[in-house]
Amino acid sequence: MTSFRWWQRGTIYQVYPRSFMDSNGDGVGDLPGLIARLDYLRWLGIDAVWCSPIYPSPMKDFGYDVSDYTDVDPLFGTLADFDQLVAEAHNRALKLVLDFVPNHTSDEHAWFRESRSSRDDPKRDWYIWRDPAPGGGPPNNWLSCFGGSAWQFDERTGQYYYHAFLKEQPDLNWRSPEVVEAMLGVLRFWLDRGVDGFRVDVLWHLVKDDQFRDNPPNPAWREGMDPYQRVIPLFTTDRPEVHGIVRRMRALFDEYRDRVLIGEIYLPVERLVQYYGPDLRGANLPFNFQLISARWDASHLERLVDEYEAALPEGAWPNWVLGNHDQHRIATRVGGAQARVAAMLLLTLRGTPTLYYGDEIGMHDVAIPPDRVHDPFEKNVPGRGLGRDPERTPMQWSARDNAGFTAGTPWLPIASDFTSANVAVERGDPRSILTLYHQLIAMRRGEAALEVGRFEPVRVEGDVLAYVRRSRKDESDFLVALNLGSRPHALRGLGNSSRGTIALSTHLDRVGETVGEELALRADEGVIVRLAP
Ligand code: NOJ
């Protein structure tokens with residue numbers, strides 16, 4: 001076991017700091033609030049907290065528009081609070097992973113102010129400036145992920161700058177060696193302060209085509225779809241040169257002990273796994289988001305797990321993500337009953353699981369009234385379900401006012417079922433989804449086969465996904481059988497792959513029940529069977 005790193009064996013928990021815990025009554029979560037809830041995370045059993053951006057920001061994209069990379073926004077607290085967070089997390093044997101946003105700054109960052117001040121400014125080429133097209137208008141057809149052209153005209157110097165996201169988020173030019181050095185310096189600043197790693201925002205976006213070629217049209221695009229998908233981002237993302245930069249980041253991490261480099265990368269599996277880098281000198285964990293877009297049926301999930309396992313380079317460590325602050329919540333995507341099955345899937349697949357705050361209590365998307373919409377994506381491209389506020393609502397701690405999140409007015413509405421769906425109530429309920437998460441995480445930690453063992457698919461009939469996790473050593477092996485359907489289903493004839501005792505059911509009963517050659521699953525039930533030796 002000792003040859004595995006913490007980020008291989010452990011479970012990562014994402015905190016969206018605005019929504020986790022508010023300590024000062026301004027309706028927005030903060031670092032002292034997070035510190036106050038570390039004991040809960042310790043109890044839950046996770047190993048690492050990944051915290052979305054806390055840096056000074058005009059909050060046009062809620063912290064993903066950074067105006068100073070080496071400080072803390074007063075909304076969240078101070079650098080002293082941050083140092084305390086690191087210390088308090090480490091005291092509880094929790095790792096702390098920060099969010100690094102290297103693709104773009106805020107337009108209020110000092111670097112961009114300088115860059116836009118004149119064409120001769122020494123920082124001009126820290127960003128991506130181009131002349132208008134010959135007949136006027138944007139230099140090419142590149143689109144912003146948040147709608148419209150990715151080019152913004154700047155009157156003062158008569159050129160356009162490129163922004164993959166909001167116009168208030170100009171892209172840095174990673175072809176400039178000075179940018180590379182400055183940004184590595186940012187990483188060093190936080191690594192020196194004791195941060196255990198980074199989740200790197202939109203890692204596959206960092207480098208753009210140096211010839212600025214038009215992106216090709218997407219033949220699959222139809223009216224009503226996300227406008228960004230009108231073209232294929234061939235020349236704006238996943239450029240070969242990005243891997244050199246990932247390697248530089250990783251080399252820096254390797255100067256420190258035991259830090260993790262996680263990449264946010266939305267790409268098909270065969271492209272995604274390139275980010276492990278040649279000789280695995282790239283990202284430790286290129287985030288694997290396949291479960292987020294997956295059709296929720298057994299044959300589809302079986303295929304995608306197989307494809308991912310097959311695509312992994314030799315020695316690369318897998319990982320799985322069920323949700324994040326940009327995606328509809330799992331309980332909304334698959335329903336409350338299947339959200340339990342999804343939890344069992346996430347925590348028994350081979351590879352590091354990342355879970356999103358609140359999913360462990362079954363939080364679902366919250367409908368946001370039009371006058372309370374905050375997300376710029378929803379404002380730019382309204383009414384298509386693209387907005388991300390619904391999955392960012394405040395954590396539900398208790399049945400008290402505002403779910404115990406704030407003494408003030410919460411920045412986003414709180415789910416109407418919070419009096420029953422909250423940490424305090426669910427901790428005391430032996431059948432709650434929180435109890436299920438707690439037991440799944442505890443079980444995983446205690447069992448080598450689940451933490452780091454081999455993965456062997458088991459082919460079964462019906463809408464059931466089944467696999468065995470096998471340990472290298474003389475320890476228990478487990479069958480995991482997940483009924484993805486809403487009808488009971490019995491598995492038969494699995495021989496030694498099912499003989500044993502039930503260690504956990506998503507319904508939180510049946511523990512200790514003997515399983516022979518037949519395993520009966522109820523509707524929406526997943527079970528873990530400890531196989532007989
Ligand atoms: C990905 C982040 O997760 C998302 O929230 C943000 O809007 C974009 N990157 C831009 O930084």
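Reported to the nearest whole Å, the Cα centre-to-centre distance from region 465-533 to region 264-303 is 27. Helix 177-192 axis versus longest C-alpha principal axis of the chain: approximately 40°, rounded to the nearest ten. Over all other residues within a Cβ to Cβ distance under 10 Å of Ala343, the charged ones net out to -1, with Lys and Arg as +1 and Asp and Glu as -1.
Taking packing as the residue-averaged number of other Cβ atoms within 10 angstrom, the listed peptides 307-315, 483-491 run from highest to lowest as 483-491, 307-315. Altogether, the Stokes-Einstein calculation at 20 °C and 1.002 mPa s, with the Kirkwood radius of the chain over Cα pairs as Rh, returns a diffusion coefficient of 88 µm²/s. Overall shape: prolate for region 263-354, with the ratio a/c of the largest to smallest alpha carbon gyration tensor axis at 1.5 or above and a/b above b/c. Once a ≥ b ≥ c are taken as the square roots of the eigenvalues of the Cα gyration tensor of region 379-464, is the result rounded (a/c under 1.5), prolate (a/b larger than b/c) or oblate (a/b not larger than b/c)? It is oblate, given that a/c is not under 1.5 and a/b is not larger than b/c. Working from Cα pairs under 8 Å separated by at least six residues, relative contact order for the chain is 12 percent. Compared with the rule-of-thumb size 2.2 N^0.38 Å for a compact globular protein, region 231-274 has a Cα radius of gyration ratio of 1.36. For Arg257, the shell of other residues with beta-carbons less than 13 Å away shows a net charge of -2, using +1 for Lys and Arg and -1 for Asp and Glu.
Expressed as a rounded percentage, what relative contact order does region 325-484 have, with Cα pairs under 8 Å and six or more residues apart? Reported relative contact order: 21 percent. Against the chain, whose longest principal axis is taken from its Cα atoms, helix 433-446 shows a tilt of about 80°. Taking a ≥ b ≥ c as the square roots of the eigenvalues of the Cα gyration tensor, region 1-88 is prolate, since a/c reaches 1.5 or more and a/b is larger than b/c.
Label sites at His507 and Glu241, each approximated as a point 7 angstrom past Cα along Cα to Cβ, lie 5.9 nm apart. Restricting attention to the chain, the count of lysine pairs at 8 or more positions apart or across chains with alpha carbons under 19 Å apart stands at 6.
Only helical runs count toward this figure. For the chain, summing -39,500 (n - 2.57) over DSSP H runs of n ≥ 4 and dividing by all residues gives -7000 deg cm²/dmol at 222 nm.
Each value in this text was obtained by applying a stated rule to the coordinates, not by laboratory testing. Since we're looking at a predicted model, the values are computed, not measured. So basically every Cβ, Gly included, is an ideal-geometry build from the backbone, and we count neighbours across all protein chains shown.
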